[in-house]
Amino acid sequence: MNIRTGALVAGAVTASLVLSACGGGPSSDDTSKGAGQKGAAGFNAALTGVVNPSDKKGGTLKLTNHDNPDSYDPARTYYANVWNFMKGYFVRTLLTNQAKPGEDGLVLTPDLAAELPKVEDGGKKYTFTLRDGLKFEDGTPITSKDVKYGVERVFASDVLSGGPSYLIDVLDQGQKYPGPYKDTDPDKLGLKSVQTPDDKTIVFSLKEPLSDFPYLLAMPGAGPVPKAKDNGEQYGNRPVSSGPYKFESYDQGKKAVLVRNDQWDPKTDTVRKALPDRIEVTFGIAVEEIDNQLLAGDIDLDLAQTGVQQGSQPKILLNPEVKKNADAPTTGFIRFFAINTKVPPFDNIHCRKAVQYATDKISMQTARGGAEAGGDIATNMLPPNIAGHDAALDPFNTKSGKPQVDKAKEELAACGKPNGFDTVIATRNAGKEPKTAEALQAALKNVGINARLDPTDASLYFRSTIGAPSNTHAKGYGLMMAGWGADFPTASGFLAVLVDGRLILPSGNNNYPELNNAEVNSLIDQAKAEPDAKKAAQIWSQINKIVMDEAVLVPFTYDKALNYRNPRLTNVYISQYYGQVDFGSLGVS
């Protein structure tokens, strides 16, 4: 998932699917003792434990973010923090991850479903039964047809662009289903691979076995949407809640306010604690001001979860009383930039290699906060906490992080540009990314590559700025800043959408280099079909090597994020599924 303002899965230690029939959330032993009970405490305490465990309800949770959400439409969003926010407050799915710290938080558990799916036909048929008592915020019962309709909306990429396309890839099976807006079925439920024999049963039929399929049903796009309330591309302005909170108001670019959904029955939900009475989110605040408000106690948490700014880091790290309220998890994201193979001269691999060698990863790491707060130097495109990562894979010898000027100049000569060339770096205008892009710009200048920065608004960046090949070609974006975390905790969930040549889209594209390598595409199919997790991981390791040899992606840090949490927050822990604080568990004292 795109880091964008924040994306997704960290902490995965295995490529095999993990499921639990048990309810999510901390056990009663963890939380029943109420506010003031001594829990985890200190710097990085939220990485493995629960800070300030409590069951106390009430109060207003105050959140903020510099950027706007990419969308509150579950079919369109691809921001990590928005997925986290949706899951915690207003979008329920058939399955979701357990609300627990540590590796337990990677386990999938029933949510709308009454139990884990019945899997038949050699892993090609998944049958779910919904819980009793499920309702939308207006009191309308949530049925299997609402879930199917929500899934079908993902197919309407001409109207609802930007979200992940996994469900389309798995469920279309040659039907070329256009989505519900062009569906000729009178009930707008014409997707053949998903059937709803009654209001509580939903059956998914796959063309081929896919062990990762349950993870796709934990994404917001697989959440229920009432057909009667769907107004297409405007739905994200006022989505209908299936969770414990609903929107009281949403002034785009300024503020969102959520209040309790009185139609949500806690007896149907083993995951969400629903402690605050009210949740206020303010958008558009300058990143430096967010840090000031956090440290002053005026707000509770930065939704972006990408870390405080460089100027605020010493205020936290050098003051023990402040540092004890902070965490710096390895998020599972990779910070990288893509090299556009369709923008000359990067159609020449030697020009791409020149950039690989010229990059000063140390200066980029420093711009993100250094090793302690910004992340370790990255050498390949699988993070250390995803099975298939090979720490020795470093084809351009970048482990030291230092630029290799002589090597870069050799490659420039080989690509016919001995004196360098001009190009454009696309970057978001928020957070640490501009400074990181400036560090790249300075390093490239040292070998004669003159790179102009083109900073743009973060909310549309991945959908239409670098996510639309026509735009990247027109604007000459040779280099594109990005960040990525797994959409689900396997190598498939991390790497496939970045490098599969069959997934290059006109909008919301995530294969930014437009790499279309036949061997990579074939190996992806082999890896997805491999039932043995260890063998699949080995194939993904091979894919990673081929991609790195193509020199189309330049990873520079395995991301860390130094985030501050207001001491008044309760039930604070890092969800390994998101690499962020689990928003839905938070309360305020």
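The values are calculated or read from the model by the stated rules, or taken from the named source; none is laboratory data. Everything numeric here is computed off the predicted structure, so don't read it as measured data. Note that we place each Cβ from the backbone using ideal geometry, even for glycine, and neighbour counts take in every protein chain shown. Just so you know, the surface numbers come from the protein's heavy atoms only, side chains and all, with ligands and any DNA or RNA stripped out. Shrake-Rupley method; radii C 1.70, N 1.55, O 1.52, S 1.80 Å.
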Segment 310-469: relative contact order as a whole-number percent, Cα under 8 Å and 6+ apart:
22
Just to confirm, what accessible area per residue do you get for segment 418-558 at 1.4 Å probe, in whole Å²?
33
Any aspartates and glutamates whose Cα falls less than 17 Å from that of LYS399, other than same-chain ones fewer than 8 residues away, would be ASP360, GLU372, ASP376, ASP390, ASP549, ASP559
Which of these values of P(r) over Cα pairs in 20 Å bins from 0, in percent was calculated from the structure shown: [x] 18, 49, 28, 5, 0; [y] 22, 57, 21, 1; [z] 20, 47, 24, 8, 0?
[y]
Tell me, in nm to one decimal, what length is gained between HIS473 and GLN526 on full extension, where the rule is 0.36 nm per residue of separation less the Cα-Cα distance?
15.9 nm
Return the lysines within reach of LYS188: Cα separation strictly under 25 angstrom, same-chain partners fewer than 8 residues apart disregarded; answer none if there are no such residues.
LYS124, LYS125, LYS135, LYS145, LYS148, LYS176, LYS200, LYS207, LYS227, LYS229
Residues with amide H under 5 Å of VAL107's amide H, sequence separation 5 or more or different chain, H placed in the peptide plane at 1.01 Å from N; which?
GLN98
On full extension of the chain, what length is gained from ALA442 through LYS56, given 0.36 nm per residue of separation minus the C-alpha to C-alpha distance?
133.8 nm
For segment 296-322 and segment 239-274, compute the distance between their C-alpha centroids and round to whole Å.
28
Amide H contacts of PHE421 (H built 1.01 Å from N, under 5 Å, at least 5 apart or other chain):
ILE449, ASN450
Here segment 187-194 yields Karplus 3J(HN,Hα) values (6.51, -1.76, 1.60; θ = phi - 60°; whole Hz; Gly and Pro given as x) of 9, 6, 10, x, 6, 6, 7, 10
Residue by residue through segment 484-491, which ³J(HN,Hα) values in whole Hz follow from phi under the Karplus form 6.51 cos²θ - 1.76 cosθ + 1.60 (θ = phi - 60°), with glycine and proline marked x?
8, x, 5, 6, 7, x, 9, 4
Two-site label geometry, LYS545 and ASN450: point separation in nm, points 7 Å out along Cα→Cβ:
4.1
What is the distance in Å between the Cα centres of segment 348-367 and segment 482-511?
22
To check you understand DSSP bridge types, tell me what percent of the beta bridges within the chain (both residues inside) are antiparallel, rounded to 5.
70
Segment 301-375: relative contact order as a whole-number percent, Cα under 8 Å and 6+ apart
30
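Note down the relative contact order for segment 98-200 as a percent, whole number, built from C-alpha pairs under 8 angstrom at least six residues apart.
After rounding, I find 20 percent.
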Taking a label point 7 Å from the Cα of ASN292 along Cα-to-Cβ, the residues of segment 306-335 whose backbone nitrogen sits under 16 Å from it are 309-313, 315
Of GLY88, LEU130, GLY174, farthest towards positive along the dipole that unit charges on Lys, Arg, Asp, Glu beta carbons give the chain
GLY88
Per-residue ³J(HN,Hα) for segment 579-589, Karplus 6.51 cos²θ - 1.76 cosθ + 1.60, θ = phi - 60°, Hz, x for Gly and Pro:
x, 9, 4, 6, 4, x, 9, 5, x, 10, 9
Which of ASN450, GLY221, GLY483 sits closest to the plus end of the dipole of the chain, meaning its Cα is farthest towards the positive end, when Lys and Arg get +1 and Asp and Glu get -1 on the C-beta?
ASN450
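Starting from segment 254-314, pick out the trypsin sites (Lys or Arg not before Pro) whose DSSP state is loop and whose Cβ has at most 15 other Cβ atoms within 10 Å. Don't skip to the answer; put the middle values down first.
Working: sites: LYS254, LYS255, ARG260, LYS267, ARG272, LYS273, ARG278; in loops: LYS254, ARG272, LYS273.
When the trypsin sites (Lys or Arg not before Pro) of segment 254-314 are filtered for loop state and at most 15 Cβ neighbours within 10 Å, LYS254 remain.
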Given the whole protein assembly as supplied and a 1.4 Å probe, what does the accessible area of LEU503 come to in Å², nearest 10?
20
Solvent-accessible area per residue for segment 184-322 (1.4 angstrom probe, square angstrom)
43
Would you list which lysines come within 18 Å of LYS402, measuring only between C-alpha atoms, while excluding same-chain residues fewer than 8 positions from it?
LYS353, LYS361, LYS435, LYS445
With every protein chain kept in place and a 1.4 Å probe, segment 33-124 has an accessible area per residue in Å² of 32
Can you give me the % of accessible surface on the chain that is carbon or sulfur? Probe 1.4 Å, all protein chains present, nothing else counted.
48
